[in-house]
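Report on the structure given below.
None of the figures in this text is laboratory data; all of them are computed from the coordinates on show. Since the structure is predicted, the reported quantities are computational estimates derived from the model, not experimental observations. Counting neighbours? That spans all protein chains shown, and the Cβs are built from the backbone with ideal geometry, glycine included.
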Amino acid sequence: MIRIFSILAGLAFTLVLALSFIDEAVMTAKDGLPHTVEAQFHKHPKELSLSTSGAFGHFDRQQLQRGFAVYQNVCQGCHALKYVAFRDLKALGYSDAEVKAIAKNAQVPAYNAATGEVKTHPGLATDHFPPVVYGGKGNPPDLSLITKARHGGAAYVYSLLTGYEAVPANLPKDARPADGLYYNPYFANLNIAMPAPLTGEGQVTYSDGTKATVDQMAQDVAAFLEWTAEPKLDKRKQTGWPVLGFLLFATVLAYMAKRTVWADQH
Amino acid sequence: MSFPWAKEYKPSHPAMQWLDEKLPLPRFVYNAIGAGYPVPRNLNYFWNFGILAGFCLVIQIITGVILAMHYAANASVAFESTEHIMRDVNWGWLMRYMHANGASAFFVVVYTHIFRGFYFSSYKAPREMVWLLGVTIFLLMMATAFMGYVLPWGQMSFWGAKVITGLFGAIPLVGESLQIWLLGGFAPDNAALNRFFALHFLLPFVILGVVILHIWALHIPGSSNPTGVEVKEESDTLPFHPYYTAKDGFGLGLFLLFYFGVVFFLPNTLGHPDNYIPANPMQTPAHIVPEWYFWPFYAILRAFTFDFILPAKLWGVLAMFMAILVWFLLPWLDKSPVRSGNYRPLFRKFFYVLVLDVLVLGYCGGSPAAEPYLMVSQIAAIYYFLHFFVILPIVSSIERPDPLPSSITEAVLGHDEAAASKA
């Protein structure tokens, strides 16, 4: 009895699925497979190899400091970094005094409950990077987590920064950038409100003497943003190897114990 | 219960004898996972996954309780508190990555455990209750995992919650009111987040309770085995300890290597980047996809696109729930007297098609809701329903199984004088 009900129920679902399939197939035959402009023109991030790549990769502090300089000089005007505290910068190799000096340059807003006023004060090492007030077109995202919040991670940031192109001649009219938008095939919908931020060599002066080419600056800031998104990356990998080593050792022992226990049963 | 030849717990130390008289807890453990539990001698490595699932539950509860000490279930700070755990809490990043990937590991293990159950028909008499409790655990796991994914309050958290609670809106007449009642509002917000957190904390302990029932029910008939032939004599079994504790120990080591490999070196691979963007009710993500372990069922939900008597959406919701609820009926749908797929040639062919079919459904469920994925998932969903509702009942009554070994001992050693002389 239960099997007759089951077969009937199964056939009912099958019927509706078959009708759905026929419906979809007819529509697809009429309209063809969906064809979006994004699918044709959108590009996957370029290859980017950073010092953090791979299971043994770790942060390059020199590069992080350079990337931080790019952030300060180029990105900071529009993009906040709210999950990062100034004290975190010590991981980049700055001393306590340097961190305090960097923090002091920032104006951090604080709400005073007694007066109801919001007043800014020079930043302390314990403060987070202050919010950025942006009045222009578009909606600049907070960059703290950007490399974890986009497919491709640091490679995406690098590709976006170096990927501005002239609008292709065969780009359909309604996909062309509107006023105040710029064509960038690495951006999800091809048209981004951010004008190319890295404009030319020497835009940032590096204190370690590295030549600040556009490509170099893009790599450095991508590396820096990988750090802001995952500051514990080094610790994670450093912990991972001993843990796996121990587990491998324990598993080999467990295997030999199993062999010994089962020896009389094979 | 146990077999007559099960070893009896005999404490030698006076303190243990004293304890055994007042509260026989050591005796309970001895009979459950010690030398007092005789287990078929021929279990393969698929039989490790029950213990592994229990281990995953323990990992999830421990890491989860620690995370709950630092997490704030409030829509205005939930995302921030997750980042606080990742950045400022000592080893918080490890706890969160272990918990998030622990959920995936739990599902990998449980899906393998269910695969074992399907192939070796572990659901058949006398173990129906073990199976029913197991499917219940799986349903509870899905609810728990869904609500846990909402807690970081990222974009996928928010929109996933919206889509899944929206399913209840498909129910005729009461759907909309039900959805508002479940969410505590018109859209997911603080009320929903708080109740999801409360339930996400509660349900694992409910799961733990059902797991205890699951093991209790298992220990009445004893474990099944790859031949599907029941235990007949002492030579068919080995004591759980040391034989299966040793085997499970090795399996656990392998599992932990894979698990911690992902936790330490690929912790975000199974997640979705959009969940690192704070929830924004004003901005819908381009593709709303659940976590990978829901993909096959998500594909079934979306496969229904045609209004036939009922609205397509309601068909989808019904089908998605029936796709799992039908598992409850398996002991009565599959009437073949032979358990193991090893001796069921026709069943085996259809079963392998099902495994492939579920993988295809999973792939479609993780892809955008557009062609050609929709049509592929419709064909795959047709096979899914035919397999459980139609093929399984029919195959089990028409197929001619291969000859079974006369006992487990014979299957292992190639000969069994005791069983042969009895026959």
Note to self: Taking 25 Å as R0, compute the FRET efficiency from the Cβ-Cβ separation of A:S53 and A:E165 and round it to 0.05.
What the structure shows: 0.45
Next item on the list: Name the residue farthest towards the positive end of the dipole of the protein assembly as shown from the options A:N184, B:V338, A:P172, assuming +1 on Cβ of Lys and Arg, -1 on Cβ of Asp and Glu, about the Cα centre.
Entry: B:V338
Next item on the list: Could you estimate the translational diffusion coefficient of segment A:122-178 from the Stokes-Einstein equation, with Rh from the Kirkwood formula over C-alpha pairs, at 25 °C and 0.890 mPa s, in whole µm²/s?
Entry: 164
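Might you report the magnitude of the Cβ-based charge dipole of the protein assembly as shown about its Cα centre, with Lys and Arg at +1 and Asp and Glu at -1, to the nearest 20 debye? Could the numbers behind the result be given before it?
Values: 47 positive and 48 negative charges, 130 e Å.
Roughly 620 debye for the protein assembly as shown.
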Note to self: Taking 31 Å as the cut-off for C-alpha to C-alpha distance, list the pairs among A:K137/A:K232; A:K30/B:K313; A:K100/A:K148; A:K30/B:K162; A:K104/A:K148 that go past it.
What the structure shows: A:K137/A:K232; A:K30/B:K162
Item checked: Separation between Cα centres of segment B:39-87 and segment A:190-238, rounded to whole Å -> 36
Notebook entry, point to check: Which whole number gives the average, over all residues in B:384-391, of C-beta atoms from other chains lying within 10 Å of the residue C-beta?
Noted result: 6
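If N is the number of residues in segment B:266-423, what value comes out of its Cα radius of gyration divided by 2.2 N^0.38 Å?
In units of the globular-protein estimate, segment B:266-423 measures up at 1.44.
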Margin query: Above 15 Å lies some portion of the pair distances; for segment B:73-112, what is it as a whole percent of all C-alpha pairs?
Written below: 52
Note to self: Looking at the calculated P(r) for segment A:40-157, what percent of the C-alpha pair distances fall above 26 Å?
What the structure shows: 31
Notebook entry, point to check: What angle do you read, to the nearest 10 degrees and between 0 and 90, between the alpha-carbon axis of helix B:345-365 and the longest principal axis of chain B?
Noted result: 20
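Other chains near B:250-263: what is the mean number of their Cβ atoms within 10 Å of each residue's Cβ? Each step should come with its number before you reach the end.
Details: counts 10, 4, 4, 10, 5, 2, 7, 6, 1, 1, 6, 5, 0, 4.
Neighbouring Cβ atoms belonging to other protein chains average 5 per residue here.
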Check: Hey, got a sec? Which trypsin sites (Lys or Arg not before Pro) in segment A:114-153 land in a DSSP loop and have at most 15 other Cβ atoms within 10 Å?
Finding: A:K137
Next item on the list: Report the Stokes-Einstein translational diffusion coefficient (µm² s⁻¹, integer) for chain A, Rh taken as the Kirkwood radius over Cα pairs, at 25 °C with viscosity 0.890 mPa s.
Entry: 105
Notebook entry, point to check: How big is segment B:1-127 by the Kirkwood estimate over distinct Cα pairs, in Å?
Noted result: 18.4
Notebook entry, point to check: Size of segment B:151-253 along its principal axes in angstrom, Cα-based, largest extent first?
Noted result: 63, 34, 21
Margin query: Need one word for chain B: rounded, prolate or oblate. Basis is the Cα gyration tensor (sqrt eigenvalues a ≥ b ≥ c); a/c below 1.5 gives rounded, then a/b vs b/c decides.
Written below: oblate
Next item on the list: Return one number: the angle in degrees, 0 to 90 and rounded to the nearest 10, between the long axis of the Cα atoms of helix B:190-219 and the longest principal axis of the Cα atoms of chain B.
Entry: 10
Next item on the list: May I ask for the angle, rounded to the nearest 10°, between helix B:128-150 and the longest principal axis of chain B, with both axes built from Cα atoms and the value confined to 0 to 90°?
Entry: 30
Notebook entry, point to check: Please state the Cα pair-distance histogram of segment B:232-283 with 5 angstrom bins from zero: what percent is in each bin?
Noted result: 4, 14, 12, 12, 10, 9, 9, 8, 7, 6, 4, 3, 2, 1
Checklist line | Virtual spin-label span in nm between A:T36 and B:F321, 7 Å along Cα→Cβ | finding: 3.2
Notebook entry, point to check: Where does the Debye-calculated log10 I(q)/I(0) of segment B:63-205 sit at q = 0.16 Å⁻¹, using only Cα point scatterers of equal weight, no solvent?
Noted result: -0.93
Notebook entry, point to check: Cα gyration tensor of segment A:58-109, axes a ≥ b ≥ c as square roots of the eigenvalues: rounded (a/c below 1.5), prolate (a/b > b/c) or oblate?
Noted result: oblate
Item checked: Calculated [θ] (222 nm, deg cm²/dmol) that DSSP helices of n ≥ 4 give over chain B, each run adding -39,500 (n - 2.57) -> -20000 deg cm²/dmol
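Work out the FRET efficiency for B:V206 and A:Q238 from their Cβ-Cβ distance, taking R0 = 30 Å, and round it to the nearest 0.05. Walk me through the numbers before you get to the answer.
Details: r = 38 Å, r/R0 = 1.27.
Computed FRET efficiency for B:V206 and A:Q238 comes out at 0.20.
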Check: So how much slack lies between A:I2 and A:A18, counting 0.36 nm per residue of separation and subtracting their Cα-Cα distance, in nm?
Finding: 3.4 nm
Checklist line | Residues with amide H under 5 Å from that of B:L238, placed H, sequence gap 5 or more | finding: B:V39, B:R41
Checklist line | Shape of the protein assembly as shown, Cα gyration tensor, a/c cut at 1.5 | finding: prolate
